[in-house]
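In what follows, a structure is listed as structure tokens, so that the remarks can point back to it.
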Amino acid sequence: MKARILVVDDEAEIRRSLRMILEYEGYDVQEASSGPEAIALVEREPPDLAFLDIKMPGMDGLETLEKIRGSNESLPVVIVSGHGTVSTAVEATKLGAFDFIEKPLASERVLVTIRNALDQTRLQSENRTLKRAAEARHQMVGESP
């Protein structure tokens, strides 16, 4: 099954170039041009991963990340910035960003980040499933004085 990736950026050209890279690699791509649009998409049909620009008019990337975390804490979100500062990267990480990438986006860096994020999500999901199975197997059934 193809992983669905959400690209959030107010610049259509950035969205288009990321879409080209991702579709060429076989990913399913959704686009949003603003924070509120991204939040609505995440709530309606959650993607497997999101790329989120930090500098957007109105609701910026950090605020959008915070709102996304409120409704979906397991979605890996990669923050994209044309003005990467250490403090912004630290703030994004504190808010739960999976990674921080600077523009211009190098396709190899983007693809490695996607693989890492999707692998981590898959491992966390497997871990939860195995824990539930182990708990069910060792569950005490019965009543006795």
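Residue count for the range 9-40, restricted to those that are within 18 Å of residue 69 (Cα to Cα), open to solvent by less than 40 Å² (accessible area, probe 1.4 Å) and part of a helix (DSSP H, G or I): 3. Looking across 6, 52, 105, one residue alone is open to solvent by less than 70 Å² (accessible area, probe 1.4 Å), modelled with pLDDT under 95, not small (Gly, Ala, Ser) and not in a helix (DSSP H, G or I). It is 105.
No other residue among 44, 128, 69 is surrounded by fewer than 12 Cβ atoms within 10 Å (Cβ to Cβ) and closer than 24 Å to residue 15 by Cα apart from 44.
The values are calculated or read from the model by the stated rules, or taken from the named source; none is laboratory data. A quick note: this is a predicted structure, and the numbers were derived from the prediction, not measured. A quick note on method: Cβ atoms are made from the backbone with ideal geometry, for glycine too, and the neighbour counts reach across all protein chains shown. Quick note on the areas: whole protein, heavy atoms, side chains included, nothing else; ligands and nucleic acids left out. Shrake-Rupley method; radii C 1.70, N 1.55, O 1.52, S 1.80 Å.
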